Amino acid sequence: MSPVRDDDFLRHSRVPTAVRLPLPVALLAVLAWSSSFAPATDRSKGNPPPSTGQDWVTIDEPKLLAAGIRRLEGRHLTLYTDLPSSPEADSLGRVFDAAFPQWCRYFGMEGVNDAWRMRGFLIADRRRFRALGLLPDRLPPFANGYSVGDMLWLYEQPSDYYRRHLLLHEGTHGFVRAFFGENAPPWYNEGIAELLGTHLWDGNTLTLAYTPRSPEEAPMWGRVKIVRDAVREGRGLTLEQVLAFGPTAHREVEPYGWCWALTALLDGDPRFRERFRSLPRYLNRPDFAQQFERLFAPDRRLLQTEWLLLTHNIEYGYSFEAEALDLQPGVPLPTGGARYSVASHRGWQNTGYRVEAGKTYRLTAQGRYTIARDGGDWLCEPDGVTIRYHRGKPLGMLLAAVDAPDFTTDQPGGLLDPVAVGSRCDWSPPASGTLFLRINDSPAELGDNTGSVNVFIRPGE
């Protein structure tokens, strides 16, 4: 799992493009390999190793200490390292211990064996660890981190954040393996480790499953950049392609970004969260993919649409809750028109009304709302503020789009193709479907908006 600089383009081989299959077919493809393959816990370059780390290394502490290896002791982690003492390095045991109760709560495992622990090696000089027998030849090649059984290995990282991320990533693997087994498909196995490895740490308090608000909060992490760059270059992946990642996909860095994005969406939308967090109970069953299909089939189109919006609009601090959609089909617009109040702090909002292709509608808007709090409240009206733009349109401008059931969910269109409404617009929708409205703002910056705008929707004359 390699770090990514947000100020450089990725220089990795492209992820092989999977055939775009309908969701059930893709999931059955995953089931076919998962029923006969128990994937390694992380980044294996060869055959998956045994599931225990007990006999991989012999730890002779006097010998290690004499060779300049330090031991960092926590309640749930013993970490051996050749890094010099520093506040960041020496806090890793506390970070790991702070993660344990959060893993327990997240997976509904309160009251599990509190004696669970892992042993790990944080390595700056690989030759020293190899000479001491702590990097055995039986370990498959790995770029940055690897875990098996109750043991983990980490190479020193270029940022304090990414060092912690890697430790939490491998720790998540160890926790899931210990309490649920290791028969997870790659998208879930790496996605859940990425989700719970992405964190906020202030030196005392740890928050897991945190969405970084900027590259500065997560130096070298770069998962947002992975997805954003791929979509911009025409290499975006569909939901089905991510679900179909095979056991060797994570030899490259890009799949980590896509798996994080999928698990963050499934965990971030309140309607998906409970179902997603129930998945570990199926990890040791051969029908994991079928159970996933069963759980999410009722909302398949919703999930695919939200995936498309996420991957095309992803930013640091993306608000999954604010961008959650309601795709309930609208009813015909009354002949006298209708009014709808658009909240400025939410993403696309379903008006509940259907509009027809080939007809013209007049949309007029009135209201004043706060669109930002940068040096004071930015008061805004439906035409937006022209001193700042978002995606080529004035910040805060009222936008409209139509969601049509016949739009494909693997191509831009619909909610990705809005029209500028402003304070008044005569509009002929490109397709018949449900009318959606929103204020033009970043999915990461909706939280500081307040107020709403009233929109009057009338059939054209």
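The values are calculated or read from the model by the stated rules, or taken from the named source; none is laboratory data. This is a predicted model, so every value here is computed, not measured. Because the Cβ atoms are built from the backbone with ideal geometry, glycine has one as well, and the counts that use them run over all protein chains shown.
Tabulated data
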| read-out | value |
| --- | --- |
| Only listed residue being on the phi > 0 side of the Ramachandran plot and surrounded by fewer than 24 Cβ atoms within 10 Å (Cβ to Cβ), chosen from Ala209, Ala178 | Ala209 |
| Count of residues meeting criterion [on the phi < 0 side of the Ramachandran plot, under 26 Å from the mean Cα position of the chain (by Cα) and buried (at least 16 other Cβ atoms within 10 Å of the Cβ)] in the range 123-149 | 6 |
| Check on Ala193, at pLDDT 95 or above, closer than 14 Å to His250 by Cα, in the same structural domain as Ser319 (by TED's automatic domain parsing) and of a type in the set (Gly, Ala, Ser) | yes |
| Complete set of residues in the range 239-271 that are surrounded by 22 or more Cβ atoms within 10 Å (Cβ to Cβ) and in a loop (DSSP other than H, G, I, E, B) | Ala244, Phe245 |
| Verdict on Leu154 being in contact with a helix residue (DSSP H, G or I) (Cβ under 7 Å, 6 or more places away or on another chain) and in the same structural domain as Pro87 (by TED's automatic domain parsing) | yes |
| Lone unmet requirement of (1) under 23 Å from Ile314 (Cα atoms); (2) at pLDDT 95 or above for Asp426 | (1) |
| Top-ranked residue of the range 244-299 - restricted to ones that are under 23 Å from His165 (Cα atoms) and among the basic types (Lys, Arg), ranked as farthest from the chain's Cα centre (by Cα) | Arg251 |
| The listed residue being free of Cβ contacts under 8 Å to residues at least 12 places away in the same chain and under 28 Å from Glu252 (Cα atoms), out of Arg119, Arg130, Arg163 | Arg130 |
| Residue among Glu315, Glu323, Glu293, Glu274 that alone is among the acidic types (Asp, Glu), in a helix (DSSP H, G or I) and touching a residue at least 12 places away in the same chain (Cβ under 8 Å) | Glu293 |
| So Gly358, is it assigned to a strand (DSSP E or B), modelled with pLDDT of 90 or more and either farther than 30 Å from Gly234 by Cα or not assigned by TED's automatic domain parsing to the domain that holds Ser452 (or both) | no |
| Residues located in the range 125-138, provided they are in a loop (DSSP other than H, G, I, E, B) and within 22 Å of Gly174 (Cα to Cα) | Gly133, Leu134, Leu135, Pro136, Asp137, Arg138 |
| Residue check for Arg281: at pLDDT below 95, within 25 Å of Asp441 (Cα to Cα) and in a helix (DSSP H, G or I) | no |
| Counted residues, the range 223-243 - those being among the basic types (Lys, Arg) and under 14 Å from the mean Cα position of the chain (by Cα) | 3 |
| Count of the range 396-412 residues which are farther than 17 Å from Gly330 by Cβ, surrounded by 17 or more Cβ atoms within 10 Å (Cβ to Cβ) and either at pLDDT below 95 or over 30 Å from the mean Cα position of the chain (by Cα) (or both) | 1 |
| Of all residues in the range 34-80 being at pLDDT 50 or above and of a type in the set (Phe, Trp, Tyr), the one that is surrounded by the most Cβ atoms within 10 Å (Cβ to Cβ) | Tyr80 |
| Selection status of His169, within 18 Å of Pro280 (Cβ to Cβ), buried (at least 19 other Cβ atoms within 10 Å of the Cβ) and touching a strand residue (DSSP E or B) at 6+ places or on another chain (Cβ under 7 Å) | yes |
